[in-house]
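One structure is given below, encoded as structure tokens.
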Amino acid sequence: MAAAISHLECSVCHEDFKEPKILRCTHLVCRDCIITWLQKGANQGCPLCRAPIFPRNEKQPSDYGSKVDSFPTDFVTAAVVESQRLLSSPNVCVCDASVEAKLFCFQCSIKLCSSCTKSHSKSPFTQSHTLEDLGTLSADQLVKSRHSFCSNHKDKVAEIYCSKHEELICLMCATCNHRSCSDVGSVEEAAKKKREDLKKQAVVMKTKEDTAVAKIRELDEEVKAATEKFSAMEDVVRAVFEDLQKALDVKRDKINADLCMRKKAFLVERGTSKANLESYKTGLAGHVSLMGKLASAPDDAMLGILTKLKSGLTSLQNQGVSGFISSNRKVGHLALNQASVNQLKQLLGECVCVLDSQPRRQQQMVKLHFIH
């Protein structure tokens, strides 16, 4: 049962509808609930779908109550709610809550016990009313038995409909206020015409709905196709840059290997030169010390020793520092050749330029350029 009547509950208060109003998006909300909802924030939109409650270009009203009252009331849903409430209430007579009711009066919307039924049937005001056994009474019967009342006289049943003013009116209003209206007739006749119009409108709207559904399906297909294409392009870009990175890695490793080899050779050369100079420096220092001693030695001793040292001294004096340097290459010559740097920069610029132009053939040329 709960599943069957869940559509009769307001989505805001989660209780049975009380004067359900039909919003522009066709969702139903209790009158008081939608007013409270709007007071919290007029721009929130419908509580169910967030569709605008008022037209976007329409100025927000200062009095939400009067504006909400202009929304149509779903009398059918209200009647179903009232019927469900009536059927679920205890079957007790209006005369005494302890007395069991047997019948229901459609016109008075009350439950009657056997005694009250006799009085009800004898009264000239109610003897023509329709009664139904509570044991067989259904919600559909209750809904169909409900009447609409005159828009001006809330206590009188509306029997006439004025198409010009689109109002449900009583006989008095039809005679007094709508005498000059050309299209005034019974509620049944007006309802028959409106139902025919509704069927035609429903066909037109259904066609438009089908068109919208087809367009949505078309958009979904376009999005799907575009997503697949974008994914494929992302794969191409990823592959191109992976190849570019590999080519750059190869080029980098080659340059670094060359630099490492040159560095090693330079360090070996400079190490050898330093060792030779250290030996030369030690020899010079030893001979300088020895010559200092010979300066104060006896003449014959000095002359004898100098004769023995003559060839060594001559060799040290004739040999210069430059003779111990294994290479004349300067440190500045070891810098990365500017031409190589410019070549790398030019290659990178060409890659960026080609990638910006996007054609796959040129991308392939970039990969080949790097590889070679």
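The values are calculated or read from the model by the stated rules, or taken from the named source; none is laboratory data. In this text, all values refer to a predicted model and were calculated from it rather than measured experimentally. Virtual Cβ from ideal backbone geometry, glycine too; neighbours counted across all protein chains shown.
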May I ask you to verify whether Gln245 is modelled with pLDDT under 90 and in a helix (DSSP H, G or I)?
yes
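A quick yes/no check of all residues on (1) of a type in the set (S, T, N, Q); (2) within 28 Å of the chain's Cα centre (by Cα); (3) surrounded by 12 or more Cβ atoms within 10 Å (Cβ to Cβ):
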{"position": "Cys13", "(1), (2), (3)": "no, no, yes"}
{"position": "Pro20", "(1), (2), (3)": "no, no, yes"}
{"position": "Arg24", "(1), (2), (3)": "no, yes, yes"}
{"position": "Trp37", "(1), (2), (3)": "no, yes, yes"}
{"position": "Gly41", "(1), (2), (3)": "no, yes, no"}
{"position": "Cys49", "(1), (2), (3)": "no, yes, no"}
{"position": "Pro61", "(1), (2), (3)": "no, no, yes"}
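Test Ala78 against the criterion of being assigned to a loop (DSSP other than H, G, I, E, B) and either farther than 22 Å from Cys30 by Cα or under 41 Å from the mean Cα position of the chain (by Cα) (or both), and give yes or no. Quick ask: steps written out before the conclusion?
On the way: assigned to a loop (DSSP other than H, G, I, E, B): no; either farther than 22 Å from Cys30 by Cα or under 41 Å from the mean Cα position of the chain (by Cα) (or both): yes.
Here the answer is no, as Ala78 does not meet what is asked.
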Take the residues in region 272-303 that are farther than 18 Å from Gln317 by Cα and among the basic types (Lys, Arg); name whichever of them is surrounded by the fewest Cβ atoms within 10 Å (Cβ to Cβ).
Lys293
When you scan region 222-238, do you find a residue that is aromatic (Phe, Trp, Tyr) and closer than 24 Å to Asp74 by Cα, even just one?
no
Scan Lys264, Lys274, Lys254 and give me the residue that is under 57 Å from the mean Cα position of the chain (by Cα), assigned to a helix (DSSP H, G or I) and among the charged types (D, E, K, R).
Lys254
Got a sec? Which of Glu222, Glu269 is surrounded by fewer than 13 Cβ atoms within 10 Å (Cβ to Cβ) and part of a helix (DSSP H, G or I)?
Glu222
Sole miss for Ser66 among (1) assigned to a helix (DSSP H, G or I); (2) closer than 29 Å to Leu112 by Cα is condition (2)
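Here is a check on your reading of the model: is Phe230 modelled with pLDDT of 90 or more and either of a type in the set (Phe, Trp, Tyr) or closer than 30 Å to Leu87 by Cβ (or both)? Steps first, please.
On the way: modelled with pLDDT of 90 or more: yes; either of a type in the set (Phe, Trp, Tyr) or closer than 30 Å to Leu87 by Cβ (or both): yes.
It is true that Phe230 is modelled with pLDDT of 90 or more and either of a type in the set (Phe, Trp, Tyr) or closer than 30 Å to Leu87 by Cβ (or both).
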Test set (1) under 30 Å from Thr26 (Cβ atoms); (2) modelled with pLDDT under 85 - Gln107 fails condition number:
(1)
Counted residues in region 58-93 being within 10 Å of Ala139 (Cα to Cα) and free of Cβ contacts under 8 Å to residues at least 24 places away in the same chain come to 0
